[in-house]
Amino acid sequence: MINDKLDADAAIGFGVFIVWGAISILMHATSLVAGLRMTQRRSLSIARVGAVVGLMPCGICSVVQMPFAIWALVAVYSSNAPTDFSE
């Protein structure tokens, strides 16, 4: 009975770990693609989404990523950003 409870708890914990890892990978990939688009000055909307996603803590790199995300937000929401980017 106790082993069944431990196995169920371990399975739930493993499932949460897998889902959290998948979300983390997806969010970091979004930030990476948006950053590449930002360096190419293409697709302002993707750059804005990536900057917002970069602020969400989802992995061990979040502390390092947040200052860059704040800087990106300032850059993509500035008044001259629409003229700098081509859709």
message: Take the conditions free of Cβ contacts under 8 Å to residues at least 40 places away in the same chain and assigned to a helix (DSSP H, G or I) and apply them to MET66. Does it pass?
response: yes
query: Looking at (1) part of a helix (DSSP H, G or I); (2) under 13 Å from the mean Cα position of the chain (by Cα); (3) surrounded by fewer than 18 Cβ atoms within 10 Å (Cβ to Cβ), which is the only condition VAL74 fails?
result: (2)
- prompt: Any residue at all in region 63-71 that is at pLDDT 85 or above and in contact with a Lys or Arg (Cβ under 8 Å, 6 or more places away or on another chain)?
  reply: no
Filter result for SER79 (at positive phi and small (Gly, Ala, Ser)): no
task: Could you please tell me which pairs satisfy a Cβ distance under 8 Å, a separation of 6+ or placement on different chains, a first residue in region 41-59 that is over 19 Å from ALA22 (Cα atoms), and a second residue that is assigned to a loop (DSSP other than H, G, I, E, B) and aromatic (Phe, Trp, Tyr)?
output: ARG41/PHE85; ARG42/PHE85; SER43/PHE85; LEU44/PHE85; ALA47/PHE85; ARG48/TYR77
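Here is a yes/no grid of residues against (1) surrounded by fewer than 12 Cβ atoms within 10 Å (Cβ to Cβ); (2) of a type outside the set (Lys, Arg); (3) part of a helix (DSSP H, G or I):
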position: ALA10; (1), (2), (3): yes, yes, yes
position: TRP20; (1), (2), (3): no, yes, yes
position: ALA34; (1), (2), (3): no, yes, yes
position: SER78; (1), (2), (3): yes, yes, no
position: PRO82; (1), (2), (3): yes, yes, yes
message: With the requirement that a residue be in a loop (DSSP other than H, G, I, E, B) and surrounded by 11 or more Cβ atoms within 10 Å (Cβ to Cβ), what does region 53-63 give you?
response: LEU55, MET56, PRO57, CYS58, GLY59, CYS61
- request: May I ask you to list the residues in region 11-38 that are among the hydroxyl-bearing types (Ser, Thr, Tyr) and at pLDDT below 90?
  value: SER24, SER31
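The values are calculated or read from the model by the stated rules, or taken from the named source; none is laboratory data. Here the structure is a predicted model, which means the values were calculated and not measured. Here Cβ is always computed from backbone atoms with ideal geometry, including for glycine, and neighbour counts include all displayed protein chains.
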